[in-house]
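Notes for the one structure printed next.
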Amino acid sequence: MKAPPVVREFLTPVRETGPRPGPDAQKEASWYVRSFLWMRIWIGILGVVMPLWLVFEDKLAFDGDPFPRDSLSGYYYSGMRDVFVGTICAIGVFLFTYKISERNLDNVASFLAGLAAAFVALCPTGPPGSVSTLTPLQEWWGETTVKVIHFVAAGVFIGGLALLTYFFGVREGKRPRRPGRRSPKFWQWYHWACTSAMVLAILWIVVTMAVGWPPKALLAGEWLAVWAFGASWFMKGAELDTLLGRT
């Protein structure tokens, strides 16, 4: 039995991208494209900066102990809670609306990743031993339930980002070559390397949590996944000729 046409549309990936706007493009369209690229850049910057900000600002401003903590999610229980929640929510809102008017697999992946990001931020991981007071949500739903939601949401979040990054590579590889620029194949493999790093990060987290070793393994896996995501999105947005209005 075939799926309805609308369902097939939402499950169809976008494998090609249109040409970059030329010098004769309407000014309004050019501004729109540049705004879109800047959003990608800032989301990429948030992904790259967030782990550094959480880890080192916690130590410098709040004398964070332990240093570093066991995971990025663990900074929910530190003086950096607002930064953690705010940054994840900002990324989530962008992803939620990124492809919202389209009917394709990118929209589904982005929508689910954005929704999952909200649950990552609002449903905290389990508290460390030094924290005895539960959040109202943990008291209502139960600490274990909230923790499970957090980990499932984190997996969906990273998985959705990995899928988006993979198709960045697919589409970049099909762009026409531009004189004086890196080849489309370079950017294809750049984004696919970021995708591979995110997938490896997920596998690393699953395996190390199962065996309970080494220490700080969850922090390392989360850090790798966030940096790979940030690096992909930053470079996807950093089309300098378009951003500066030269094309």
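The values are calculated or read from the model by the stated rules, or taken from the named source; none is laboratory data. Every value quoted in this text rests on a predicted model; they were computed, and no experiment measured them. Cβ coordinates were reconstructed from backbone atoms using ideal geometry, including for glycine residues, and neighbour counts include every protein chain displayed.
For the stretch 1-30, taking the residues that are modelled with pLDDT under 70 and in a helix (DSSP H, G or I), the one that is farthest from the chain's Cα centre (by Cα) is identified as K27.
Pairing residues of the stretch 137-151 that are in contact (Cβ under 8 Å) with a residue 12 or more places away in the chain and within 19 Å of A118 (Cβ to Cβ) with residues that are surrounded by fewer than 17 Cβ atoms within 10 Å (Cβ to Cβ) and among the hydrophobic types (A, V, I, L, M, F, W, C), at Cβ distances under 6 Å and at least 6 apart in sequence or on separate chains, gives V146/L137. Which residues, taken from the stretch 133-171, are over 19 Å from the mean Cα position of the chain (by Cα) and of a type outside the set (A, V, I, L, M, F, W, C)? Listed by number, the residues that qualify are T133, T135, P136, Q138, E139, G142, E143, T144, T145, K147.
Residue-by-condition table, conditions (1) within 19 Å of V55 (Cα to Cα); (2) at pLDDT below 95:
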position	(1), (2)
Y76	yes, no
L105	no, yes
A117	no, no
L134	no, yes
T145	no, no
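Scanning the stretch 171-198 for residues that are surrounded by fewer than 17 Cβ atoms within 10 Å (Cβ to Cβ) and either among the small types (G, A, S) or within 19 Å of L105 (Cβ to Cβ) (or both) yields K174, G180, S183, A193, S196. Scan the stretch 80-100 and tell me whether some residue there is modelled with pLDDT of 95 or more, out of contact with any Lys or Arg (no Cβ under 7 Å at 6 or more places or on another chain) and assigned to a loop (DSSP other than H, G, I, E, B). Scanning the stretch 80-100 turns up at least one residue that is modelled with pLDDT of 95 or more, out of contact with any Lys or Arg (no Cβ under 7 Å at 6 or more places or on another chain) and assigned to a loop (DSSP other than H, G, I, E, B).
Among residues that are of a type in the set (D, E, K, R) and surrounded by fewer than 16 Cβ atoms within 10 Å (Cβ to Cβ), E57 is not included.
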